[in-house]
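One structure is given below, encoded as structure tokens.
The values are calculated or read from the model by the stated rules, or taken from the named source; none is laboratory data. All values derive from a computational prediction rather than experimental measurement. Positions of Cβ are generated from backbone atoms using ideal geometry, with glycine treated the same way; all protein chains shown enter the neighbour counts.
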Amino acid sequence: MEPTELKNILVEKENNIGIISMNRPKALNALNSETLSELRTAVFTLGNDPDVGVIIITGSGEKAFVAGADIKEMKDMTPMEARHFMHFGQSVFSDIDNLPKPTIAAVNGFALGGGCELALSCDMILASESAKFGLPEVTLGIHPGFGGTQRLPRLIGSAKAKELIFTGQMIDAKEAERIGLVNKVVSQESLMDEAKGLAQKILKNGQIAIRLVKSAINAGLNVPLEKGLAYEAETQGLAFATEDKNEGLNAFLEKRKPNFNNR
């Protein structure tokens, strides 16, 4: 499926930035199986596009980033169908998490349930002042299933994550920033400009180094410190094998801006 054929997602490219917009406004951009499949296609396409260095994921409209998984689709699922749906959602979000290129969630409204989990799968989260975050699944007699029970504690600590998940409460953008869920809160009007500005700051740097350091950070979160340090040394060794390393160090010594060619 090509991005031009996607029904529930918009895909754009702008100045080496790929932009994925969740686009089911009547359903507040809720995630059903079709939308998850299209999201995977969009991520794969932009992830393999050599002209794209950073990917921004946002929601169409001002009401919702993603309001959650599609309850209408989930309501009549059998236990095995629900298990398969959870595995599918987890795998799509893991594709985003493991993407070599940096990802930014630009949260423009409700990021609840699967929407919060989608944001958590990105490397950084920017939020508009009107954004709301929560994992309210327990209020429906179920619990987060697209990675929320695993990624949220790793990001904000287990006690605070348990509080949010056990209560199902929704928090505003400022509280999300205070507890470390969100990198920065900006106005609704400036959200995409802020996200693109952050992307451009990343794009000015050596892109091979960015991809290597993302790999080192992600791998190190799941292993003991000594193994993480060993992995860091290996990725640094790979960085020293690149033309970008020569350009970057020479530019520093020559007191000029580097001109990286990503080789």
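Quick notes
- Qualifying residue in the stretch 185-198 (condition: buried (at least 16 other Cβ atoms within 10 Å of the Cβ) and free of Cβ contacts under 8 Å to residues at least 24 places away in the same chain): no
- Criterion (over 21 Å from SER215 (Cβ atoms) and within 12 Å of the chain's Cα centre (by Cα)) met by exactly one of VAL92, VAL107: VAL107
- Restricting attention to the stretch 64-91, the residues that are small (Gly, Ala, Ser) and part of a helix (DSSP H, G or I) total 3.
- Only a single item in (1) in a helix (DSSP H, G or I); (2) at positive phi is not met by GLY61, and it is number (1).
- Single residue of GLN236, GLN207 found to be within 22 Å of the chain's Cα centre (by Cα), surrounded by 14 or more Cβ atoms within 10 Å (Cβ to Cβ) and at pLDDT below 95: GLN207
- Extreme residue, surrounded by the most Cβ atoms within 10 Å (Cβ to Cβ), among residues of the stretch 24-38 that are in a helix (DSSP H, G or I), of a type outside the set (Gly, Ala, Ser) and modelled with pLDDT of 90 or more: THR35
For every residue, the table says whether it meets (1) among the charged types (D, E, K, R); (2) in contact with a Pro (Cβ under 7 Å, 6 or more places away or on another chain); (3) touching a residue at least 40 places away in the same chain (Cβ under 8 Å); (4) over 22 Å from ASP97 (Cβ atoms).
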| residue | (1), (2), (3), (4) |
| --- | --- |
| ASN8 | no, no, no, no |
| ASP51 | yes, no, no, yes |
| ASP70 | yes, no, yes, no |
| LYS75 | yes, no, no, yes |
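- From GLU232, GLU226, GLU247, residue being free of Cβ contacts under 8 Å to residues at least 12 places away in the same chain and either farther than 23 Å from ILE104 by Cα or in a helix (DSSP H, G or I) (or both): GLU226
- Considering the stretch 1-23, and only residues there that are assigned to a strand (DSSP E or B) and β-branched (Val, Ile, Thr), the residue that is farthest from GLN207 (Cα to Cα) turns out to be ILE9.
- The lone exception for GLY180 - which of (1) in a loop (DSSP other than H, G, I, E, B); (2) over 20 Å from ILE125 (Cα atoms) it fails: (2)
Residues are listed down the side, and each one gets a yes or a no for (1) out of contact with any Lys or Arg (no Cβ under 8 Å at 6 or more places or on another chain); (2) of a type outside the set (D, E, K, R); (3) surrounded by fewer than 17 Cβ atoms within 10 Å (Cβ to Cβ); (4) assigned by TED's automatic domain parsing to the domain that holds PRO25:
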{"site": "ILE71", "(1), (2), (3), (4)": "yes, yes, yes, yes"}
{"site": "ARG83", "(1), (2), (3), (4)": "yes, no, yes, yes"}
{"site": "SER94", "(1), (2), (3), (4)": "yes, yes, yes, yes"}
{"site": "LYS101", "(1), (2), (3), (4)": "no, no, no, yes"}
{"site": "ILE125", "(1), (2), (3), (4)": "yes, yes, no, yes"}
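- Residue within the stretch 183-200 that is over 21 Å from ILE125 (Cα atoms), in a helix (DSSP H, G or I) and out of contact with any His (no Cβ under 6 Å at 6 or more places or on another chain) present: no
- Residue match in the stretch 160-169 (condition: modelled with pLDDT of 95 or more and closer than 30 Å to ASN250 by Cβ): no
- Any hit, the stretch 186-193, residues being of a type in the set (A, V, I, L, M), under 30 Å from ALA111 (Cα atoms) and either at pLDDT below 95 or more than 24 Å from the chain's Cα centre (by Cα) (or both): no
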